[in-house]
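Input: a single structure, listed below in structure tokens.
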Amino acid sequence: MQNPLDALHDVIPPEQVDWWPLTPASWAVIIASILIVSVSIWLAVKKWQHNAAKREAIQLSEQHTQDALALHGILKRLARHYYGNEHAAQPTAQWLTLLNKLTSQQFSQQDLNSLYSSNPTLACTKLMAAIRTFKTKEAVNV
């Protein structure tokens, strides 16, 4: 009598599944990843371009470390660039309020008035710190 196992045929392994073409879910993940990376790069470039004036102001302030009037002018230029002429050209009291709101420094009326005297008492380090901490995206309703 014959062995019943001899009547069985050899087991044929299935063919290996190809990785290409990708499934629709894989395509969705790839497209979503590309979109996220693209949008992130675009937003980073926009932020870099938006802060270009502030970076230039910081470089200029490093050249005028002992000139309080020039540093104040740089602050005015920053305000004009980011918030428009109407905010940069305000009277002294309103400019002082805006300056205190947009920087981490607290300026007084006497500080600003001293800029136009022969001996400015306003510390240049305070103005340089104000340039470095100038807020470029603050809502201004002064």
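Only the coordinates and a few stated rules stand behind these numbers; no lab work does. These numbers come from a predicted model, not from an experiment. Positions of Cβ are generated from backbone atoms using ideal geometry, with glycine treated the same way; all protein chains shown enter the neighbour counts.
Worth a mention:
- Close pairs (7 angstrom Cβ cut-off, 6 or more residues apart or separate chains): crowded, with 18+ Cβ neighbours inside 10 Å in segment 108-135, outside any loop (DSSP other than H, G, I, E, B) and among the basic types (Lys, Arg) anywhere: PHE134/LYS54
- Scanning segment 42-59 for residues that are closer than 15 Å to ALA129 by Cβ and over 12 Å from the mean Cα position of the chain (by Cα) turns up ALA57, ILE58.
- Members of segment 77-100 that are surrounded by 15 or more Cβ atoms within 10 Å (Cβ to Cβ) and closer than 22 Å to ASN119 by Cα: TRP95, LEU96, LEU99
- THR92 β-branched (Val, Ile, Thr) and under 22 Å from ALA123 (Cα atoms): yes
- Flag for LEU122 being under 29 Å from PHE134 (Cα atoms), aliphatic (A, V, I, L, M) and not in a helix (DSSP H, G or I): yes
- Enumerated helices (runs of 4 or more DSSP H) restricted to segment 1-95, each holding at least 1 residues that are charged (D, E, K, R), on the phi < 0 side of the Ramachandran plot and touching a His at 6+ places or on another chain (Cβ under 8 Å): 68-83
- Evaluation of GLN49 against the conditions (1) exposed (fewer than 12 other Cβ atoms within 10 Å of the Cβ); (2) in contact with a Ser or Thr (Cβ under 6 Å, 6 or more places away or on another chain) shows that the sole unmet condition is (2).
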